[in-house]
Amino acid sequence: MLNQLTIAELTAQLSRKEVSAREATQACLDQIGRIDSQLHAFLSLDAHDALAQADAVDRAIAGGANATAQPLLGVPIGIKDVLAVKGAPLNCSSKILGKYVSPYDATVIEKLRAAGAVVFGRLNMDEFAMGSSTENSAFGTTRNPWDLSRIPGGSSGGSAAAVAADECVATLGSDTGGSIRQPAALCGCVGLKPTYGRVSRYGLVAFASSLDQIGPFTKDVRDSATLLEVISGIDHRDSTSLPQPVPHYRNALTGDIKGLRIGLPKEYMIGGLDPEVNSAVQAAVKQLQSLGAEIVEISLPHTDYAVATYYIVATAEASANLARFDGIRYGQRVDADDPLALYSKTRGAGFGDEVKRRIILGTYVLSSGYYDAYYLRAQKVRTLIRQDFLKAFEKVDVIVTPTTPTAAFKIGEKSDDPLQMYLSDIFTISCNLAGISGISLPCGFTSNPRLPIGLQLLGQPFGEETLLRVAQAYEQSTGWHKERPPFSAAGK
Amino acid sequence: MADTELDVKYVAHLARIALSPAEEAKLGAQLGNILGYIEKLRELDVSQVEPTAHAIPLINVMRPDEIRPSLPVEDALRNAPAQANGLFLVPKIVE
């Protein structure tokens with residue numbers, strides 16, 4: 001089945017003209033038609049438009065186009081509902097955007113199109129990317145394909161579930177505190193958060209601007225390298241994108257990690273760590289060692305302060321970024337006699353609980369009399385957290401940790417306790433605060449029920465080549481990435 | 001848990017979010033809990049530490065001062081809840 005292929009496999013078959021891009025896109029649409037009423041990864045999709053793009057690719061291939069020049073030629077790629085795709089709805093899984101239709105393409109979408117991808121669908125997420133389970137979507141929760149009674153993670157839960165269940169060959173998501181790596185871990189696929197500044201955010205609806213990055217969900221590490229290379233690079237429309245040259249990331253996948261130093265932070269062996277997750281990660285560390293890497297114990301002493309720091313910095317930035325949703329220029333409006341009442345009623349009716357909670361917390365930590373005690377203090381602790389990592393990277397090339405403390409939890413298990421939900425991001429948040437790169441990849445399963453476990457590798461700023469090399473060497477020596485959920489594989 | 005001084009009604013007003021009394025009560029309790037957790041940052045001495053606003057600092061990113069195309073007015077207005085004559089319509093601000 002073409003929807004089950006990787007980017008590398010599909011583009012090879014397309015270039016040999018064994019299959020057509022239309023057949024590949026149709027295979028994804030068929031899989032979505034078969035299972036998505038239960039999985040609910042997609043909010044909407046335009047099948048007619050997707051097939052039209054695929055037909056255009058087939059004509060281009062007939063005219064000589066090839067995957068060497070266009071590495072995503074004919075590859076169906078799903079998009080998180082936080083990225084602007086011209087002519088497509090954009091809701092951020094919120095009611096407040098109403099019937100919004102994007103008037104332009106995000107830079108990453110332009111890049112996907114230029115690389116030949118078939119860009120389609122709106123993937124479910126926590127409202128405005130705030131959450132760890134997709135339970136905060138205004139349009140219903142996405143299910144975990146390994147166990148439909150469990151959450152897929154979040155905020156990019158739809159993006160992760162769609163790849164794990166073979167509804168797409170790859171997807172894009174965004175990661176502010178773990179929103180790519182955590183759902184990738186819980187659904188059993190590969191999710192990469194690039195270094196801050198690596199990928200342009202033009203056309204990404206902003207949540208926390210000093211933390212947000214766009215990144216790929218894929219079925220293996222090679223595809224992650226392919227997609228990262230396509231979407232990276234400086235963009236004059238995002239003044240926080242950085243001018244570092246974009247390497248040919250796939251060339252970094254040599255399989256050779258002999259002599260690389262891999263750091264194991266002692267602070268990540270916390271009490272709440274599930275024993276099965278712990279043993280899977282320990283086994284992965286042994287595996288890396290047997291591949292020739294040197295394991296070094298390191299210390300990231302301010303780890304315990306990351307969640308508190310994050311929930312000040314991220315909510316403060318969100319309170320400013322989400323001020324634009326006021327019922328004036330786009331989206332839903334609740335009419336009132338004066339502008340102030342219009343703003344308040346529109347926002348009260350349009351935002352969900354978690355978004356309200358975070359905007360109010362962010363407003364509070366920035367408000368007169370509290371700024372120094374909360375926001376400024378958090379920015380200083382952020383410096384300490386970043387210094388921890390820079391110091392560690394003087395000794396090691398890559399850091400290895402669990403991606404999450406537990407496998408996927410049950411729908412509803414944490415939805416009434418925001419603090420417990422926040423603490424589930426404990427291993428992923430520091431990476432965003434420090435601005436470094438990170439990847440999650442499958443490293444095993446819990447026994448009963450059988451749920452995926454994610455291994456997180458953290459790399460230096462612009463250290464994606466080393467990160468991908470280590471990840472791919474591990475992946476190819478184990479094969480966990482080939483496991484598929486029985487739910488979506490059934491009927492084949 | 002530390003007792004919070006957060007006045008939900010007042011902060012919601014600053015944030016321009018209308019809340020029902022039930023929402024105020026629920027949010028107040030949850031935010032109190034979260035702020036109690038955040039208090040742990042006070043354990044650290046940060047008197048000698050510079051704040052980080054962005055992990056990778058960039059200063060004064062400039063572009064050439066050249067005229068270039070921007071979003072056409074009709075595209076910018078297409079999603080507006082109310083518009084007329086190329087403008088967004090809003091309630092009366094000045095009597």
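The values are calculated or read from the model by the stated rules, or taken from the named source; none is laboratory data. This one's a predicted model, so the numbers in the text were calculated from it and none came from an experiment. In this analysis, Cβ positions are derived from the backbone assuming ideal geometry, glycine residues included, and neighbour counts consider all displayed protein chains. When the accessible area is computed, the model is the full protein with side chains, heavy atoms only, and any ligands, DNA or RNA have been set aside. Shrake-Rupley method; radii C 1.70, N 1.55, O 1.52, S 1.80 Å.
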Can you tell which of B:I17, B:I56 is under 30 Å from A:L376 (Cα atoms), surrounded by 14 or more Cβ atoms within 10 Å (Cβ to Cβ) and in contact with a Pro (Cβ under 9 Å, 6 or more places away or on another chain)? B:I56
Among (1) in a helix (DSSP H, G or I); (2) within 19 Å of the chain's Cα centre (by Cα); (3) more than 24 Å from A:G352 (Cα to Cα), which single condition is A:F128 missing? (3)
May I ask you to list the residues in region A:431-473 that are away from chain B (no Cβ under 14 Å) and aromatic (F, W, Y)? A:F445
Regarding region A:150-162, can at least one residue be identified that is surrounded by fewer than 24 Cβ atoms within 10 Å (Cβ to Cβ), of a type in the set (K, R) and within 14 Å of chain B (Cβ to nearest Cβ)? no
Residue list for region B:21-50, restricted to those being outside any helix (DSSP H, G or I) and either open to solvent by less than 70 Å² (accessible area, probe 1.4 Å) or more than 7 Å from chain A (Cβ to nearest Cβ) (or both): B:L44, B:D45, B:V46, B:S47, B:Q48, B:V49
Can you find, within region A:300-318, the residue that is nearest to the other protein chains (Cβ to nearest Cβ) among those that are more than 22 Å from the chain's Cα centre (by Cα) and open to solvent by less than 50 Å² (accessible area, probe 1.4 Å)? A:Y305
Taking region A:45-71, which residues are under 20 Å from the mean Cα position of the chain (by Cα) and either more than 23 Å from A:N124 (Cα to Cα) or surrounded by fewer than 20 Cβ atoms within 10 Å (Cβ to Cβ) (or both)? none
One residue from A:V355, A:V334 being among the aliphatic types (A, V, I, L, M), over 30 Å from A:G463 (Cβ atoms) and over 28 Å from the mean Cα position of the chain (by Cα): A:V334
Taking region A:286-299, which residues are under 18 Å from A:L441 (Cβ atoms) and open to solvent by 10 Å² or more (accessible area, probe 1.4 Å)? A:K286, A:Q287, A:Q289, A:S290, A:L291, A:I295
Of the conditions (1) in a loop (DSSP other than H, G, I, E, B); (2) modelled with pLDDT of 95 or more; (3) open to solvent by 70 Å² or more (accessible area, probe 1.4 Å), B:K92 clears all except one; give me its number. (2)
Return the residue satisfying two criteria in turn: it lies in region B:78-88 and is over 23 Å from the mean Cα position of the chain (by Cα) and open to solvent by less than 80 Å² (accessible area, probe 1.4 Å), and of such residues it is nearest to the other protein chains (Cβ to nearest Cβ). B:A82
Considering only region A:144-159, state which residues are under 13 Å from A:A184 (Cα atoms) and either free of Cβ contacts under 8 Å to residues at least 40 places away in the same chain or in contact with a helix residue (DSSP H, G or I) (Cβ under 8 Å, 6 or more places away or on another chain) (or both). A:N144, A:P145, A:W146, A:I151, A:P152, A:G153, A:G154, A:S155, A:S156, A:G157, A:S159
Evaluate the following for A:P405: is it surrounded by fewer than 22 Cβ atoms within 10 Å (Cβ to Cβ) and outside any helix (DSSP H, G or I)? yes
Answer residue from region A:319-367, given it is crowded, with 21+ Cβ neighbours inside 10 Å and more than 22 Å from B:E24 (Cβ to Cβ) and is farthest from the other protein chains (Cβ to nearest Cβ) among those: A:G331
If you take the residues of region A:204-218 that are open to solvent by 10 Å² or more (accessible area, probe 1.4 Å) and touching a strand residue (DSSP E or B) at 6+ places or on another chain (Cβ under 9 Å), which of them is nearest to A:S477 (Cα to Cα)? A:L204
Name the residues in region A:368-386 that are assigned to a helix (DSSP H, G or I) and either touching a Pro at 6+ places or on another chain (Cβ under 7 Å) or surrounded by fewer than 22 Cβ atoms within 10 Å (Cβ to Cβ) (or both), would you? A:D372, A:A373, A:Y375, A:L376, A:Q379, A:K380, A:T383, A:L384, A:R386
How many residues does region B:51-61 hold that are within 9 Å of chain A (Cβ to nearest Cβ) and either within 17 Å of A:D235 (Cα to Cα) or modelled with pLDDT under 80 (or both)? 3
Any chance region A:445-464 includes a residue that's touching a residue at least 60 places away in the same chain (Cβ under 8 Å), among the charged types (D, E, K, R) and either open to solvent by less than 10 Å² (accessible area, probe 1.4 Å) or within 25 Å of A:Y196 (Cβ to Cβ) (or both)? yes
Which number in (1) at the interface with chain B (Cβ under 7 Å from one of its Cβ atoms); (2) open to solvent by less than 20 Å² (accessible area, probe 1.4 Å) marks the one condition that A:F389 misses? (1)
